[in-house]
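The values are calculated or read from the model by the stated rules, or taken from the named source; none is laboratory data. These numbers come from a predicted model, not from an experiment. All Cβ positions, even for glycine, are placed from backbone atoms using ideal geometry, and neighbour counts span all protein chains on display.
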Amino acid sequence: MGPSMPPPYDPAVLAPVEGAIPQPPGSSRTRPDACPGALTLHQAADGLLARIRVPGGVLSATALIGLAELSAELGDGRLELTSRANLQLRGLDATAATELATRLQTLGLLPSLAHERVRNILGSPLSGLDGLGQADTIDLVQSLDRELCANVRLAELPGRFLFGVDDGRGDIAAAATDVTLIAISASKIRLWPGDFAVDASHAVTVALALAEAFLDERNTQTDPAGQAAWRIADLVDGPRLVARRALHRLRARGIQALPSEPALGVLAGFAPEAPLALGVAEQRNGLHSLTVQIPLGRLLPEQAQVLAEISGRRGIRITPWRSIVATDVADPVTAAESAHDAGLGTEDSSPWLGVTACAGRPGCAKALADVQHDARAVAMATRTAAASTSLPVHWSGCSRRCGRPAGASVDVLATASGYQVSDGEGRTHQAAGVAELASTVEALRRG
Ligand code: SF4
């Protein structure tokens, strides 16, 4: 997959705004936002589902243990990792809702009830740990989250609206976020849409101005059914119009937002969205990080316990690639052994690397198969595959293909008579049974 580059610099975006910008006539949204949250639970076939936002994927060991206990007591015992580095609890019943909210507040995971579904912030998982990137952007993520929660109007953002904070290494810049902040240095941040370059002290203000500008613009554009956009990309000419409105706001506040220099070297570092390497890495402070793959993105209570025990002061970082980084690990050899023994993927030859699956049966009523079970069986049967050099593979219980990763991947789709396996380049096979599926999937993943 090629990097999802921000739009090229467009001077028109930053041209003086002529005339009055049309003012929003009021919300024209007709369909309620169905995005699940911690308070707005989603009815799935296996019970209610709660999605807990974890801005930047940053979570303390205490909160991780608290969530694992919550899932064991109120749900099915697992913590489900999403492609936005959030966590989900499944199998809840309606009587659990109040207890869930109360305990999430105690854990510090519900700082604003009104904003709980809009705290969608991806962050570079290794920022401030390995010395790469242009700056440590964890404080920027936390500041963005705080100010987002303090902005009453931004509680109106759709649950799908996504911020991304990249520390300059290009891992999050390559993801399809609505508002992207990229560290050029410790004191300069570049933002899209609009290609603004601002002092770091103004970065949050500019990011929130872009989000407010999206709300303004979405109220001027609706589809034929009267439905407003959920994302900037859903708007006609969205990035340019949102940037124009944001610029208008910023000038009114006296904030100077200048176009970036297109030739800035940091752009050359943008990489395609790709999983982090698994295993131990040295940190700048002499301690280590340990990145582990969570099999099919489902973390069991005993695995959560291991990660909480081996991580140090800065806890864990959940990544958008269904992996978790344990930070400030004091004894990396023992930690890696413990994680491996708990069933987590600790090296790039792990059979779990690059394997994802939707909920499938019994979690989803639309599913034609228990894709979690079948993906697990096939992953175990192909455990000698060189997974790190293979295409990702995604298993889907129906043609909606929920959770399918962006970019090239092998598509395994449940059908009435088995699975259809295709690589997106015209090679499609029908397969059934673990052995046949394993050989077919492995051949397509190797290209
Ligand atoms: S892809 Fe289909 S079966 Fe899987 S979770 Fe989505 S709707 Fe359900």
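Can you pull out the residues in segment 328-378 that are more than 28 Å from residue 125 (Cα to Cα), small (Gly, Ala, Ser) and within 16 Å of the ligand (Cβ to nearest atom)? So that I can check it myself, show each step before the final result.
Restricting attention to segment 328-378, the residues satisfying the condition of being more than 28 Å from residue 125 (Cα to Cα) are 360-371, 373-374, 377-378.
Those left that are additionally small (Gly, Ala, Ser): 360, 363, 365, 367, 369, 377.
Those that are more than 28 Å from residue 125 (Cα to Cα), small (Gly, Ala, Ser) and within 16 Å of the ligand (Cβ to nearest atom): 360, 363, 365, 367, 369.
Within segment 189-238, can you find the residues that are modelled with pLDDT of 90 or more and among the charged types (D, E, K, R)?
Within segment 189-238, 190, 199, 212, 216, 217, 218, 231, 234, 237 qualify.
Among the residues of segment 407-431, what is the count of those that are more than 20 Å from residue 297 (Cβ to Cβ) and more than 16 Å from the ligand (Cβ to nearest atom)? Break it down into steps so the answer makes sense when it comes.
Of the residues in segment 407-431, the ones more than 20 Å from residue 297 (Cβ to Cβ) are 415-418, 420-431.
So of that shortlist, the ones also more than 16 Å from the ligand (Cβ to nearest atom) come out as 417, 423-431.
Number satisfying all stated conditions: 10.
Does residue 183 count as crowded, with 18+ Cβ neighbours inside 10 Å and farther than 22 Å from residue 255 by Cβ?
Numbers: crowded, with 18+ Cβ neighbours inside 10 Å: yes; farther than 22 Å from residue 255 by Cβ: no.
So residue 183 does not fit the description; no.
May I ask you to say which residue of 75, 57 is within 21 Å of residue 361 (Cα to Cα), buried (at least 16 other Cβ atoms within 10 Å of the Cβ) and of a type outside the set (D, E, K, R)? Lay out the reasoning, then the answer.
Numbers: 57 fails: within 21 Å of residue 361 (Cα to Cα).
The match here is 75.
Restricted to segment 186-201, and to residues that are of a type outside the set (A, V, I, L, M, F, W, C), touching a residue at least 24 places away in the same chain (Cβ under 8 Å) and in contact with a Ser or Thr (Cβ under 7 Å, 6 or more places away or on another chain), which residue is nearest to residue 138 (Cα to Cα)?
Out of the qualifying residues, it is 190.
Being over 26 Å from residue 84 (Cβ atoms), in contact (Cβ under 8 Å) with a residue 24 or more places away in the chain and not aromatic (Phe, Trp, Tyr) is the filter here, so list the residues in segment 395-438 that pass it.
Within segment 395-438, 415, 416, 434, 435, 437, 438 qualify.
Quick check, is residue 296 in contact with a strand residue (DSSP E or B) (Cβ under 9 Å, 6 or more places away or on another chain) and away from the ligand (no atom under 16 Å from the Cβ)?
Details: in contact with a strand residue (DSSP E or B) (Cβ under 9 Å, 6 or more places away or on another chain): yes; away from the ligand (no atom under 16 Å from the Cβ): no.
When the stated conditions are applied, residue 296 does not pass them.
I'd like the full set of residues that are at pLDDT 90 or above and more than 8 Å from the ligand (Cβ to nearest atom), limited to segment 393-406. Break it down into steps so the answer makes sense when it comes.
First, the residues of segment 393-406 that are at pLDDT 90 or above: 393-402.
The answer is 393, 394, 395.
Only one residue in 186, 209, 203 is farther than 20 Å from residue 320 by Cβ and in a loop (DSSP other than H, G, I, E, B). Which one?
Details: 209 fails: in a loop (DSSP other than H, G, I, E, B); 203 fails: in a loop (DSSP other than H, G, I, E, B).
Answer to the selection: 186.
Just need a number here: residues in segment 212-228 that are free of Cβ contacts under 8 Å to residues at least 60 places away in the same chain, crowded, with 17+ Cβ neighbours inside 10 Å and farther than 27 Å from residue 253 by Cα.
Residues that pass the stated criteria total 0.
So that you can scan it fast, the table gives a plain yes or no per residue for (1) among the charged types (D, E, K, R); (2) over 23 Å from the mean Cα position of the chain (by Cα):
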residue: 366; (1), (2): yes, yes
residue: 376; (1), (2): yes, no
residue: 391; (1), (2): no, no
residue: 394; (1), (2): no, no
residue: 408; (1), (2): no, no
residue: 417; (1), (2): no, yes
residue: 425; (1), (2): yes, yes
residue: 432; (1), (2): no, yes
residue: 440; (1), (2): no, yes
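Show the residue pairs that are 6+ apart or on different chains and have beta-carbon atoms under 6 Å apart, the first residue being within segment 131-145 and of a type outside the set (Gly, Ala, Ser), the second being outside any helix (DSSP H, G or I) and surrounded by fewer than 16 Cβ atoms within 10 Å (Cβ to Cβ).
Note: pairs meeting the criteria are 134/185.
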